[in-house]
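Structure first, commentary second.
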Amino acid sequence: MAAAKKAVLGPLVGAVDQGTSSTRFLVFNSKTAELLSHHQVEIKQEFPREGWVEQDPKEILHSVYECIEKTCEKLGQLNIDISNIKAIGVSNQRETTVVWDKLTGEPLYNAVAAPVSPGPSDPVAVVPSGSSVPAAGAASVWLDLRTQSTVESLSKRIPGNNNFVKSKTGLPLSTYFSAVKLRWLLDNVRKVQKAVEEDRALFGTVDSWLIWSLTGGASGGVHCTDVTNASRTMLFNIHSLEWDKELCEFFEIPMKILPNVRSSSEIYGLMKAGALEGVPISGCLGDQSAALVGQMCFQDGQAKNTYGTGCFLLCNTGRKCVFSEHGLLTTVAYKLGRDKPVYYALEGSVAIAGAVIRWLRDNLGIIKTSEEIEKLAKEVGTSYGCYFVPAFSGLYAPYWEPSARGIICGLTQFTNKCHIAFAALEAVCFQTREILDAMNRDCGIPLSHLQVDGGMTNNKILMQLQADILYIPVVKPSMPETTALGAAMAAGAAEGVGVWSLEPEDLSAVTMERFEPQINAEESEIRYSTWKKAVMKSMGWVTTQSSESGMP
């Protein structure tokens, strides 16, 4: 019985998906892309001071081992032999920063987390100083503000012009990215300074910390990262695909502590402990790039949107860097092999998506569970002219307007909680449309459809609204784990593993649910232009003075 099952299965590939609030290990069948088993462990966030968000790197590492062991146990219960697992990929939160001691393997400080949503103006500017650990539904608790003064002092000494950082990295100078957090650690943590002086310190994003630890740590661990994670540090030249000497000098970061940059799909090293000892780690992608690969967006102009607390929209721009005139980031999409070309993407973020539903639940109490919003919205099927702009901590892309605050407008005596619920879902869709419009203007390639993933895509009304508001089809894969799938695909396709073909004709046909626009284009435009009118009304609420005091 078990032998027959193994024959059908073929080679398996595992994926570590290390996210902002949890770690998961998932195992896929490389022939069908089917998810066979997984296990998840929640990760604690620590707030040592107001405005500081940290995680324990050792807890992250232990959670990875625990998820691997538990998943392997579950596979055993299914009569699946874990020796079928031929490779492991890693996907991770991209901007969280770790520094550790290469001789002892001990972290020198907690992992410093990333704010919620990056952009051309420092995102911290849109958060009043008194609300650095926001109430439920404010942008996110993923909002570490300690580096604000570091950014301010750096911005005063940018050489030449303000494009110095952006032209090399595709990124604005911002608290969001690792270079500034690493600079803060070097300036403020004596243990880090001492380890650098004594040549003991290693720096990395979460992927580097995990790969180094899993491949042996202090006993020969591999210190590397991939091009997608490197491209989010503000130290990496996205044209030459190398650490940039001028940037490292500008941030005063010693290059010797940086990981080696590799492609997203190659054997980095072997697992040195646990149930999967000896299995190669051969895939590595930042989470949003992993979702782009998992959605198989391999053509220029293909885009995916991940709906979570916020939304991350990535559009593949092919082998050329497109620099945005409309508040988007340029980033490395993937490089699937040492000798394979690099592909780039434009990225835009919607700060408030799932967070608006949490706000309705926790702050207003009009729903008891997040799932209830679909039921309320379905009851009315319209917002009845009500518009909701969830600018809880300012407007992000494409406006970058720190003075904005959230508003619900167009209310009449007939408006009830169902209409507000509907307007909240529409707000997620309108914000996505604004990012897509910016992408279309930057790329000049209007999208033919949008591929979607993430927890909120289970809401069918949201998906239909998104198709109506974009006026293009919205396509959702039946297998929602696209981030982990992308990491598994990269690992399975690596040279020396070769169990997952990325040739278009070999990729498993993933069944898709398709939402076609059901309203006419004119109605779609009217709703969108009314939303834009509401956005204008949300601006100018906060003056600099009241912003500083944290008052509304």
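The values are calculated or read from the model by the stated rules, or taken from the named source; none is laboratory data. Source: prediction; values computed, not measured. Counting neighbours? That spans all protein chains shown, and the Cβs are built from the backbone with ideal geometry, glycine included. Side chains included, ligands, DNA and RNA excluded: accessible areas come from the protein's heavy atoms. Shrake-Rupley method; radii C 1.70, N 1.55, O 1.52, S 1.80 Å.
Scanning the stretch 174-215 for residues that are among the aromatic types (F, W, Y) and not in a loop (DSSP other than H, G, I, E, B) turns up W184, F203, W209, W212. Being hydrophobic (A, V, I, L, M, F, W, C), modelled with pLDDT of 95 or more and touching a helix residue (DSSP H, G or I) at 6+ places or on another chain (Cβ under 8 Å) is the filter here, so list the residues in the stretch 86-116 that pass it. Passing the criteria: A87, I88, V90, V98, V99, W100, L108.
Taking first residues from the stretch 402-429 that are among the acidic types (D, E) and partners that are part of a loop (DSSP other than H, G, I, E, B) and crowded, with 20+ Cβ neighbours inside 10 Å, the Cβ contacts under 8 Å between residues at least 6 apart in sequence or on separate chains come to E426/S383. When you scan the stretch 460-480, how many residues do you find that are surrounded by fewer than 21 Cβ atoms within 10 Å (Cβ to Cβ) and in contact (Cβ under 8 Å) with a residue 60 or more places away in the chain? Matching residues across the stretch 460-480 total 3.
What is the residue count in the stretch 65-115 for residues that are assigned to a helix (DSSP H, G or I) and open to solvent by 50 Å² or more (accessible area, probe 1.4 Å)? Residues flagged as assigned to a helix (DSSP H, G or I) and open to solvent by 50 Å² or more (accessible area, probe 1.4 Å) within the stretch 65-115 amount to 8.
Among the conditions (1) under 17 Å from W500 (Cβ atoms); (2) assigned to a helix (DSSP H, G or I); (3) not small (G, A, S), the only one that T32 does not satisfy is (2). Counting just the residues of the stretch 511-545 that are part of a loop (DSSP other than H, G, I, E, B) and among the hydrophobic types (A, V, I, L, M, F, W, C), which one comes out farthest from G394 (Cα to Cα)? Once the filter is applied, the top-ranked residue is I519. Listed by position, the strands (runs of 3 or more DSSP E) enclosed by the stretch 342-440 that each have at least 1 residues that are more than 22 Å from the chain's Cα centre (by Cα) are 387-389, 407-409.
Give the residue, chosen from K533, K476, that is in contact with a strand residue (DSSP E or B) (Cβ under 9 Å, 6 or more places away or on another chain) and closer than 22 Å to L36 by Cβ. None of the others qualify; the one that does is K476.
I want to confirm something. Restricting to the stretch 442-459 and keeping residues that are part of a loop (DSSP other than H, G, I, E, B) and of a type in the set (A, V, I, L, M), which single residue is least open to solvent (accessible area, probe 1.4 Å)? Step through it out loud before you land on a result.
First, pick out the residues of the stretch 442-459 that are part of a loop (DSSP other than H, G, I, E, B): 444-449, 454, 459.
This time we only want the ones that are of a type in the set (A, V, I, L, M), so: 445, 447.
Details: I445: 65, L447: 19 Å².
Of everything passing the filter in the stretch 442-459, L447 is least open to solvent (accessible area, probe 1.4 Å).
Residues checked against (1) modelled with pLDDT of 95 or more; (2) surrounded by fewer than 19 Cβ atoms within 10 Å (Cβ to Cβ):
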position: C386; (1), (2): yes, no
position: P402; (1), (2): no, no
position: Q413; (1), (2): yes, yes
position: C418; (1), (2): yes, no
position: A423; (1), (2): yes, no
